[in-house]
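The values are calculated or read from the model by the stated rules, or taken from the named source; none is laboratory data. It should be emphasised that the depicted structure is a prediction, and the values quoted were computed from it without experimental measurement. Every residue, glycine among them, receives a Cβ derived from its backbone with ideal geometry; neighbour counts consider all protein chains shown.
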Amino acid sequence: MDGKFFILGLSLGMLGGAIIVANSYKARKIIKDSQEEIRKKAEELKTCKCHDCECEDKGESNS
């Protein structure tokens with residue numbers, strides 16, 4: 001009887017561990033992808049602002 005409970009507990013522990021690891025991997029991947037997307041957007045905004053400043057500077061010098 002004790003052997004059955006041990007095997008049941010071991011099986012449930014393995015299943016629970018597998019679920020935690022799978023969810024952790026998915027969560028880390030989602031966070032990593034989101035951070036990369038935010039970095040790209042920030043870089044685009046930075047680049048656009050730099051180009052806008054250059055355009056404004058050129059426009060002011062032509063006036």
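From the list LEU12, LEU45, pick out the single residue that is at pLDDT 90 or above, surrounded by 10 or more Cβ atoms within 10 Å (Cβ to Cβ) and among the hydrophobic types (A, V, I, L, M, F, W, C). Explain how you work it out, then say what you get.
Working: LEU45 fails: at pLDDT 90 or above.
None of the others qualify; the one that does is LEU12.
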(Q) Criterion first (surrounded by 10 or more Cβ atoms within 10 Å (Cβ to Cβ), under 36 Å from the mean Cα position of the chain (by Cα) and modelled with pLDDT of 85 or more) does ILE31 satisfy it? (A) yes
